[in-house]
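Here the structure is laid out as structure tokens; the discussion comes afterwards.
The values are calculated or read from the model by the stated rules, or taken from the named source; none is laboratory data. What you see is a predicted model, and the numbers here were worked out from it, not measured in a lab. So basically every Cβ, Gly included, is an ideal-geometry build from the backbone, and we count neighbours across all protein chains shown. Calculation scope for accessible area: heavy atoms of the full protein, side chains included, ligands and nucleic acids excluded. Shrake-Rupley method; radii C 1.70, N 1.55, O 1.52, S 1.80 Å.
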Amino acid sequence: MSALSLQLKQQAEKIILDIFSMRTTSLLLQHFSPDQPFSVQHSYSTCSDPQAHCFVGRTAVRSYFDILDLYFEKSSMRQDRVFVEESSMRVIVTGSVDWIWLASRSCWREELTCTVDFDRNLKIVTLVFLTTSDKSTCVMQAVDPRNSGQK
């Protein structure tokens, strides 16, 4: 593995770990490019709208992280595979996250693929979480069964 591939892999693993380790929004935003517009998307694999749950720009990305912190706890995260595409400055990570609703303590697992695109300074330009498990497990589609009467 080349030095650049190793750096890309390490940076991607660091941001994913920081997101799922309850780091502050301010710390998370430091991973993003100060020189280019950036975005975060968190959707499910069968979604027909390619822009669904897309947060573009500093304020919107901050809101995404704030939503996660306001409603959810991340109890564990597992990385299964990491693929590095050095020529496109992209890293793809597959794995899962165990989420817990803060209000009811209900929990579930989201299987997902995370794609991270970096700029030349190894800062994030695009971060995409794509739920590969059932649509209902996508954190952006989550419904707390204990508060809604639904399963």
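Which stretch or stretches of the range 15-33 have amide N atoms under 20 Å from the point lying 7 Å from residue 92's Cα along the Cα→Cβ direction?
Those under the cut-off are 15-17.
Which whole-number percent gives the relative contact order of the range 79-151, counting Cα pairs below 8 Å spaced six or more residues apart?
23
Would the range 15-56 count as rounded, prolate or oblate if I go by the C-alpha gyration tensor, calling it rounded below 1.5 in a/c and otherwise prolate when a/b exceeds b/c, oblate otherwise?
oblate
For the range 1-131, calculate the relative contact order in percent as a whole number, restricting contacts to Cα pairs under 8 Å that are 6 or more residues apart.
The value is 28 percent.
Mind checking the full-extension length gain between residue 135 and residue 59? Use 0.36 nm per residue of separation minus the Cα-Cα distance, one decimal, nm. Could you put the intermediate results ahead of the total?
On the way: separation 76, 0.36 × 76 = 27.36 nm, distance 2.63 nm.
In short, 24.7 nm is gained.
Rounded, prolate or oblate: which fits the range 64-111, taking a ≥ b ≥ c as square roots of the Cα gyration tensor eigenvalues, rounded meaning a/c under 1.5, else prolate when a/b beats b/c?
Oblate, because a/c is 1.5 or more while a/b does not exceed b/c.
Pairs of lysine in the chain with Cα under 27 Å and at least 8 positions apart or on different chains: total?
9
How large, in percent, is the carbon and sulfur part of the accessible surface of the chain at a probe radius of 1.4 Å? Let's see the in-between values first.
Values: 4040 of 8000 Å².
Carbon-and-sulfur percentage of accessible area, whole number: 51.
Quote the FRET efficiency, to the nearest 0.05, computed for residue 76 versus residue 3 with a Förster distance R0 of 30 Å and r equal to the Cβ-Cβ distance.
Details: r = 31 Å, r/R0 = 1.03.
About 0.45, to the nearest 0.05.
Considering only C-alpha atoms, what is the centroid distance from the range 89-106 to the range 41-74, in Å?
Going from one Cα centre to the other spans 12 Å.
Using a ≥ b ≥ c from the Cα gyration tensor of the chain (square roots of the eigenvalues), is it rounded, prolate or oblate, where a/c under 1.5 gives rounded and otherwise the larger of a/b and b/c decides, a/b for prolate?
Numbers: a/c = 1.82, a/b = 1.63, b/c = 1.11.
Since a/c reaches 1.5 and a/b is larger than b/c, the shape of the chain is classed as prolate.
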